[in-house]
There are 2 protein chains.
Amino acid sequence: MIRKYTYGNPFCTDAVVKEITAEDHSLPYLKQTVQDGRLIFSCRLGEKDLVYGLGENVRGINKRGWLYKSCCADEPNHLEDRHSLYASHNFLVVAGEETFGVFFDYPGIISFDVGYTHMDELVITLEEPDADVYILNGSGIRSIVKEFRGLIGRSYIPPRWAFGYQQSRWGYQCEADIREVAEEHRKNHLPLDSIYLDIDYMERYKDFTIDEERFPDFEGLVRDMKAQNIRLVPIIDAGVKVEEGYPVYEEGVEKGYFCKDKDGKEFIAGVWPGQVHFPDVLNREAREWFGNQYQFLLDKGIEGFWNDMNEPSIFFAQDRMDDTIDAIAELKGKNLDLDTFQKFTGLVDSLANNTEDFKKFYHSTDVGNVRHDKVHNLFGYNMTRAAGEAFERLCPDKRILMFSRSSYVGMHRYGGIWTGDNKSWWQHLLLNLKMMPSLNMVGILYTGADIGGFGSDTTEDLVMRWIQLAMFSPLMRNHTALGTRMQEVYRFDHTEQFAGILGIRYGLLPYIYSEYMKAALFGDMYFMPLSFVYTEDTFASQVEDQLLVGDSLMIAPVYTQNAEGRYVYLPEEMALLRFRSLTDYDTEILPAGHHYVKAGLSEMPVFLRPDKILLLSGGGEYTDEVDMDRVKAVAFVKEGASYEWYEDDGKGKDYENPENYGKIVVDRSGRCTYTGSRRKEITTEIL
Amino acid sequence: MIRKYTYGNPFCTDAVVKEITAEDHSLPYLKQTVQDGRLIFSCRLGEKDLVYGLGENVRGINKRGWLYKSCCADEPNHLEDRHSLYASHNFLVVAGEETFGVFFDYPGIISFDVGYTHMDELVITLEEPDADVYILNGSGIRSIVKEFRGLIGRSYIPPRWAFGYQQSRWGYQCEADIREVAEEHRKNHLPLDSIYLDIDYMERYKDFTIDEERFPDFEGLVRDMKAQNIRLVPIIDAGVKVEEGYPVYEEGVEKGYFCKDKDGKEFIAGVWPGQVHFPDVLNREAREWFGNQYQFLLDKGIEGFWNDMNEPSIFFAQDRMDDTIDAIAELKGKNLDLDTFQKFTGLVDSLANNTEDFKKFYHSTDVGNVRHDKVHNLFGYNMTRAAGEAFERLCPDKRILMFSRSSYVGMHRYGGIWTGDNKSWWQHLLLNLKMMPSLNMVGILYTGADIGGFGSDTTEDLVMRWIQLAMFSPLMRNHTALGTRMQEVYRFDHTEQFAGILGIRYGLLPYIYSEYMKAALFGDMYFMPLSFVYTEDTFASQVEDQLLVGDSLMIAPVYTQNAEGRYVYLPEEMALLRFRSLTDYDTEILPAGHHYVKAGLSEMPVFLRPDKILLLSGGGEYTDEVDMDRVKAVAFVKEGASYEWYEDDGKGKDYENPENYGKIVVDRSGRCTYTGSRRKEITTEIL
């Protein structure tokens, strides 16, 4: 059951797709007050209560014990003490003495004190008293999530090639760099489906341009790569460079499509190109106009994009930078003691993403001019919506790869996200794991973290272990930053082992794709904490380093340097598959309980649940090479195993076709039956 | 066996106290080359080889898989991708196919590529070809460490009160703040032995001054606190404020005791007071002069100090700051695109601790003027040596508490260290654990991390769990930074549970003190990785989150938020003691192997080894209240347990007195025998 409560005069975010009439009585579970103009909700937390949700944020799967905020920010460190990352996902499930879900549809700054000030108290504070609040009930956590997903609409579905292994680096400077990456992968039989273009492909960081010196024949390059079954995926930034003669800038100014300051002048921020204007993606016409710009790259054969810097990230507001330079000049010749020096560093540190600067520009919306800070968390969502809506107009029958850095609930209908600028830290490998379920809860299924870490120098073993987790992420991309160690897998000593491990992804493709599609079409989870399924198992909620992946699998990746294995909790008897490559793995049946499971550096342990089936293809070096019609059904049969298999052409949008579903059943005698309208060749392996 | 190899013309660091004649042949185990004037040592690492050492640094107990450096730095983040922290501890033990220790006595910048570039290679690079290298052999890791400790001399021994619980905060502004902290602890029966004075007790951050507005009767305060059995411990900074009329400054200039630039003028750095000069602690006379300054505070009743900012930390060199301000002014009115903006941020980011600034000043040493960068890593060591040597002169019969932030091998003879500016992160609780054994290896026994975390806001559960680890650290101090959440334990909801847990420390005092003293007097380890003792256990070296503490105990603290227990590996049968307070604990005998051990938030699991004894006193609210003559011997008896008990008055230096040793034996029938010249009342608890 979903109940809606409206406070004040909320801004319409379009997060929700269902019309629900607001209740006229006060909401259950939470105490609601207004203090100093802020809307506050609170409740007591029982000692054993669990709190799930908040999408992209720091810390655990269970969010207890920290103060979180929704204030989309370009935050490259993802440290334990951060409150916000790039997104605003104001959905929580409290489970325990009472179990309920709550979604705060509020586009401004909101904080969640989840047992931070007092360990037994949940306090949620909205900066202004205008919001729609939804209370959700259901038979358990998973059913509450499904209800929520029904409320916010179907998740974005990418083309199937986007489930292949992808390679990126901020630092590929020119055509030759791209060709080398492709060649090295193909030569070493390292599977690959796409290569990313970071900001250097553009002419001086201008959106929807190509640097013709670095990429003299861009369309030829796109074509050559596609001939090798490799797609190029360019980045699009939120800020449009201020430059006379640059058509996007000129047209945007002429039509009034950029965000303006209080005097009606275009607001000037500094980002990669220096001075930029922000397209007013909260304005319908401006959004349509900005979306249409993607045609420039679609015309060149591009089939996928990533939208970046759309919190929006502001390196500096031009007026603040001017003031800062003056203030620093005044320090000349002074004794910079603690106070004065802190003034100096304070000036510099407050240049970027200063929340005061969010108050300096406006959106021209259906309900009039709205100051940016009041709707700050909607920017990335609407930039990606601009693209998603455009693709529906420009190429309605084709799936386009699209993911964003910033997001708000609702954006999951237009694209996925990557989890932003993580670091080459072992702890971020674990954070990657922890973030996945909460992202799925808000409908973001096409997601993953930068394999190997974006910032700082990686190590070979970190990349190897990270791939073993990212193996199961729909978005499986190796990406790193300018100036860091090169981390394409062929740079390291164990190329053969990398080829073995990467090959497994292509073997898993039928399963991963099928599970992704079912999660998208039925509003379900792809990655789940154990407690979502093993609801009666009191220990399951303690497990913060294992996940269920789809219907059949549990994963327990190694995330500690130099470890040759790890502890794993099995809520029930399971079959361990210890993979070294798609064809080289050993298996073992393990009883329920605690185990220490060995896993050498290039070994990946995966657990198959009882009476469940894992589909394995014969693999390939790119997704289109994978034969989806010849699979092996690996079944751990106790009473009788079954699997519902979704499959389609991976390109078009015929999602509702009943022919997309087939069913595999393996009975106790090991006999395998397939029911479905498509011709399949299925072998079986019984564990 | 220790062999010495001399390369070039090494600077005498006084790290080593034994005269050893250098060998005239080439060294074993390592390949040695010179490249571009750099001295390089390398060897292959076997797949299972372990690498221990490097003292205070990031990452694991086993150091494999990263690039470490010795370049003492004011590094407040301690992130996985840092290469150096505050210290230079160039001692390694490689254990496996071949087992040996190696110490590079070299005061300049040195890097340790421990399987970073290639996983199977160790490469050590000294920036200049002048060093003494010692190769150590022994019957195992622990014996190699003991040999090394013999080489570098006996570890510093603090007064016993320094083993009590200590409270600090950068932010105690005045006498009233200090009195409140004392009062709240005493009122709530929270044990406490000292309160720290951070930089605000000084008059405008001038060393060896008191701010008389904030502390109008400093000596009275010291006296009142001592009447409550609480010592005050003031901070001393490395930089001496440039200020006419300030005696320390004027005398230092007059006598030429500050570090000078190439033109012979005092080098000007910026730190807390603004412009400062650095005392030339590498100069004998200057070191003596600086040490004598501590008399100012000894005279006021002070009995302990912490030396800070002595890497030395430089917020800015004055000349660089002047140039930076000019360069920033020139950016006015320009379009700050990626390159220009990075120039701006680059200027600001390179102000602090710029290694180029280390080349701008000189030390006047026994062998003439030496440019600072060539002996950079000796500064903190010699600042603390200045104090340690002074205390020997000024109060030879009394132990003075002394610890430092920066250190080099050899400094362990003059004081301990705290592990610097950590953060209120759960990962730093684990890092605290991992750092302890490698610090012990280089003789630093009096050490610990800031409980609850120094930077950023803590949480109640983090403080509780951190105390459960710090329980065993000789230095057990709660400390945090200006602007962070208050974290004295009485600020939280579970004061009673904190009192219970803190009380255990005072119960453990006889054991902790005895084990500390034996480690100091015999050059042994206090905190040990399991593999140092369980040498035949192939899994022991995999354990990176448990430690042996002294002869009897193994600890396995919980370091994960919301966890209600953790996995523990027992290399042999052990007795689990699950403490809630000194008097409230349950016990259980666990077999060797892997276990999941429950430990609620205020429960601390401790493991007693077979045939070992844990001494427990009756507790107290300060160390002097603990009755060291009435103890309980908790024995886990299999064949017969015994314990060698060291005890002295905790104040003087009669360390070698044989009467300090007693022996407790508990036989299989549970009969307890005490042999020793002092009268003891011993009860027993047999597990």
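The values are calculated or read from the model by the stated rules, or taken from the named source; none is laboratory data. Nothing here was measured: the structure is a model prediction, and the numbers come from that model. Because the Cβ atoms are built from the backbone with ideal geometry, glycine has one as well, and the counts that use them run over all protein chains shown.
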Among the numbered conditions (1) in contact with a helix residue (DSSP H, G or I) (Cβ under 6 Å, 6 or more places away or on another chain); (2) more than 14 Å from every other protein chain (Cβ to nearest Cβ); (3) buried (at least 24 other Cβ atoms within 10 Å of the Cβ); (4) of a type outside the set (Ser, Thr, Tyr), tell me where B:LEU439 comes up short.
(1)
Could you say which residue among A:GLU564, A:GLU544, A:GLU573 is of a type in the set (D, E, K, R) and over 23 Å from B:ARG59 (Cα atoms)?
A:GLU573
Subset of the stretch B:28-46, residues of a type in the set (Lys, Arg) and over 16 Å from B:GLU98 (Cβ atoms), comes to B:ARG38
Looking for something more than 18 Å from the chain's Cα centre (by Cα) and under 30 Å from B:ILE144 (Cα atoms) - is there at least one such residue anywhere in the stretch B:348-359?
no
The residue that is surrounded by the most Cβ atoms within 10 Å (Cβ to Cβ), considering only those in the stretch A:483-498 that are more than 25 Å from A:THR583 (Cβ to Cβ) and in contact with a strand residue (DSSP E or B) (Cβ under 8 Å, 6 or more places away or on another chain), is A:GLN487
Checking B:LEU39, B:LEU45 in turn, the sole residue that is touching a Pro at 6+ places or on another chain (Cβ under 9 Å) and crowded, with 19+ Cβ neighbours inside 10 Å turns out to be B:LEU39
Please work out which residue is surrounded by the most Cβ atoms within 10 Å (Cβ to Cβ), limiting yourself to the stretch A:272-292 and to residues that are of a type in the set (S, T, N, Q) and farther than 16 Å from A:MET309 by Cβ.
A:ASN283
Candidate set from the stretch B:564-601 (those that are surrounded by 20 or more Cβ atoms within 10 Å (Cβ to Cβ) and of a type in the set (Gly, Ala, Ser)); member that is nearest to the other protein chains (Cβ to nearest Cβ):
B:ALA599
Please name all residue pairs, on different chains or six or more residues apart, with Cβ atoms under 8 Å, provided the first residue is in the stretch B:645-666 and is more than 25 Å from B:GLU392 (Cα to Cα) and the second residue is in a loop (DSSP other than H, G, I, E, B) and among the aliphatic types (A, V, I, L, M).
B:VAL666/B:VAL637
Could you please find all residues in the stretch A:158-185 being under 18 Å from the mean Cα position of the chain (by Cα) and of a type in the set (A, V, I, L, M, F, W, C)?
A:TRP161, A:ALA162, A:PHE163
Candidate set from the stretch B:102-153 (those that are under 30 Å from B:ARG371 (Cα atoms), surrounded by fewer than 22 Cβ atoms within 10 Å (Cβ to Cβ) and among the acidic types (Asp, Glu)); member that is farthest from the other protein chains (Cβ to nearest Cβ):
B:ASP132
With criteria (1) within 14 Å of chain B (Cβ to nearest Cβ); (2) crowded, with 24+ Cβ neighbours inside 10 Å; (3) farther than 22 Å from B:HIS83 by Cα, A:ASN478 comes up short on (1)
Out of the stretch B:96-129, which residues are assigned to a strand (DSSP E or B) and among the charged types (D, E, K, R)?
B:ASP105, B:ASP113, B:GLU121
When you scan the stretch A:329-380, how many residues do you find that are touching a residue at least 60 places away in the same chain (Cβ under 8 Å), of a type in the set (Lys, Arg) and in contact with a helix residue (DSSP H, G or I) (Cβ under 8 Å, 6 or more places away or on another chain)?
1
In the list B:VAL58, B:VAL16, B:VAL51, B:VAL94, which residue meets the criterion of being surrounded by 17 or more Cβ atoms within 10 Å (Cβ to Cβ) and over 24 Å from A:GLU460 (Cβ atoms)?
B:VAL16
Matching residues in the stretch B:550-563 - criterion: being under 14 Å from B:GLN468 (Cβ atoms) and at the interface with chain A (Cβ under 10 Å from one of its Cβ atoms):
B:THR560, B:GLN561, B:ALA563
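Any chance you could count how many residues in the stretch B:52-90 are without any contact (Cβ under 8 Å) to a residue 40 or more places away in the chain and within 14 Å of chain A (Cβ to nearest Cβ)?
5
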If I filter the stretch A:13-51 down to residues being among the acidic types (Asp, Glu) and without any contact (Cβ under 8 Å) to a residue 60 or more places away in the chain, which single residue comes out as nearest to A:PHE532 (Cα to Cα)?
A:ASP49
Consider A:MET411 carefully, then state whether it is facing chain B (nearest Cβ under 9 Å) and either touching a strand residue (DSSP E or B) at 6+ places or on another chain (Cβ under 8 Å) or modelled with pLDDT of 95 or more (or both).
no
Would you please list the contacts, defined by Cβ atoms under 9 Å and residues six or more apart or on different chains, that run from a residue in the stretch B:417-436 that is away from every other protein chain (no Cβ under 14 Å) and closer than 11 Å to B:ILE451 by Cα to a residue that is in a helix (DSSP H, G or I) and of a type in the set (S, T, N, Q)?
B:THR419/B:ASN432
Scanning for something more than 9 Å from chain A (Cβ to nearest Cβ) and surrounded by 20 or more Cβ atoms within 10 Å (Cβ to Cβ), does the stretch B:324-342 turn up at least one residue?
no
So B:ASP308, is it among the acidic types (Asp, Glu), surrounded by 15 or more Cβ atoms within 10 Å (Cβ to Cβ) and under 26 Å from B:GLY415 (Cβ atoms)
yes
Of (1) more than 24 Å from the chain's Cα centre (by Cα); (2) closer than 23 Å to A:THR21 by Cα; (3) in a helix (DSSP H, G or I), A:ASP132 fails just (3)
Per the filter on the stretch B:314-323, residues assigned to a loop (DSSP other than H, G, I, E, B) and either acidic (Asp, Glu) or more than 9 Å from every other protein chain (Cβ to nearest Cβ) (or both) are B:ILE314
If the Cβ limit is 8 Å and pairs must be 6+ apart or interchain, which residue in the stretch A:495-507 that is closer than 14 Å to A:ASP461 by Cα pairs with which residue that is of a type outside the set (Val, Ile, Thr) and in a helix (DSSP H, G or I)?
A:GLN497/A:MET464; A:PHE498/A:MET464; A:PHE498/A:TYR490; A:ILE501/A:MET464; A:ILE501/A:GLN468
For the stretch A:652-664, state whether one or more residues are among the β-branched types (Val, Ile, Thr), part of a strand (DSSP E or B) and in contact with a Cys (Cβ under 9 Å, 6 or more places away or on another chain).
yes
Which of the residues belonging to the stretch A:158-181 are out of contact with any helix residue (DSSP H, G or I) (no Cβ under 6 Å at 6 or more places or on another chain), over 16 Å from A:SER473 (Cβ atoms) and part of a helix (DSSP H, G or I)?
A:ALA176, A:ASP177, A:ILE178, A:ARG179, A:GLU180, A:VAL181
